[in-house]
1. Could you tell me the total accessible area buried at the B-A interface, probe 1.4 Å, in square angstrom to the nearest hundred?
2. All other residues with a Cβ under 13 Å from the Cβ of B:Ile12 taken together, and with Lys, Arg as +1 and Asp, Glu as -1, what is their net charge?
3. From zero up to wherever the largest Cα-Cα distance of region B:1-110 sits, split into 10 Å bins and tell me the percent of pairs in each.
4. How much space per residue, in cubic angstrom, does the convex hull of the C-alpha atoms of region A:1-101 take up?
5. State the Cα centre-to-centre distance between region B:51-94 and region B:1-37 in whole Å.
6. Determine the per residue accessible area of region A:32-109 with all protein chains present and a 1.4 angstrom probe, expressed in square angstrom.
7. Hey, what do the phi angles of region A:76-88 turn into as Karplus ³J(HN,Hα) couplings, whole Hz, using 6.51/-1.76/1.60 and θ = phi - 60°, x for Gly and Pro?
8. Would you mind telling me the antiparallel percentage of the DSSP bridges in chain B, rounded to 5?
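The values are calculated or read from the model by the stated rules, or taken from the named source; none is laboratory data. These numbers were taken from a predicted model, which means no experiment stands behind them. All Cβ positions, even for glycine, are placed from backbone atoms using ideal geometry, and neighbour counts span all protein chains on display. In case anyone asks, the SASA skips ligands and DNA or RNA and just uses the protein heavy atoms, side chains included. Shrake-Rupley method; radii C 1.70, N 1.55, O 1.52, S 1.80 Å.
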Amino acid sequence: SQELEQSPQSLIVQEGKNLTINCTSSKTLYGLYWYKQKYGEGLIFLMMLQKGGEEKSHEKITAKLDEKKQQSSLHITASQPSHAGIYLCGADRVGGTSYGKLTFGQGTILTVHP
Amino acid sequence: KAGVTQTPRYLIKTRGQQVTLSCSPISGHRSVSWYQQTPGQGLQFLFEYFSETQRNKGNFPGRFSGRQFSNSRSEMNVSTLELGDSALYLCASGRSGGEETQYFGPGTRLLVL
């Protein structure tokens, strides 16, 4: 079974709408990372969360890590076509040693219609 | 500062051949990790190198190997290619490979025929 579960798997929204993507783990998350990927390309780093209750924002994207450090959410306000892509959450130290290993969720495909 | 670079960007090989992919990390980064991304399995960790030593390894067969040079550049080799090896191969670099942000390259798209 997937160690990091993302929901929804895909999302289609109209431009200007708000949306939320969730990332859930059955184990405590020590470092939680959000990346964005255009199909077939590399991952672009968005944000990193480490402390329970932590919240970070960049432009119209806000990421939060819950107090128990088992769930993170990524919220986009007033979505734009440029937000379209695949959003991936990744975590350190899930089920073993870290050393450069991130465990990823299966990704959420976001489509934004103009 | 230049980002992570990977060469080649695209590659077509036939079954049974071998392939070598290259990754140059961000200047000053000494940790390089490799990942395989496929539609069915998603992003999976292959291995990580730091100071020319492999410190961590994922669950891949021995056909997948790598190395790191003294300038932190890394190569990944896949021998006896199988159709299932067709994937996007991504490398990522970090300063120390601990609990820190990894920065990814654009990837190498490998197609095995």
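1. About 1800 Å² of accessible surface is lost on pairing.
2. Values: positive: B:Arg9, B:Lys13, B:Arg15, B:Arg109; negative: B:Asp85.
After counting each charged neighbour, the total is +3.
3. 16, 51, 29, 4
4. Once divided by residue count, the hull of region A:1-101 is 104 Å³.
5. Cα centroid to Cα centroid, the span is 8 Å.
6. Details: 3420 Å² over 78 residues.
It amounts to 44 Å² per residue over region A:32-109.
7. 10, 9, 6, 4, 10, x, 5, 7, 4, x, 10, 9, 10
8. Numbers: 37 of 41 bridges.
Close to 90 percent.
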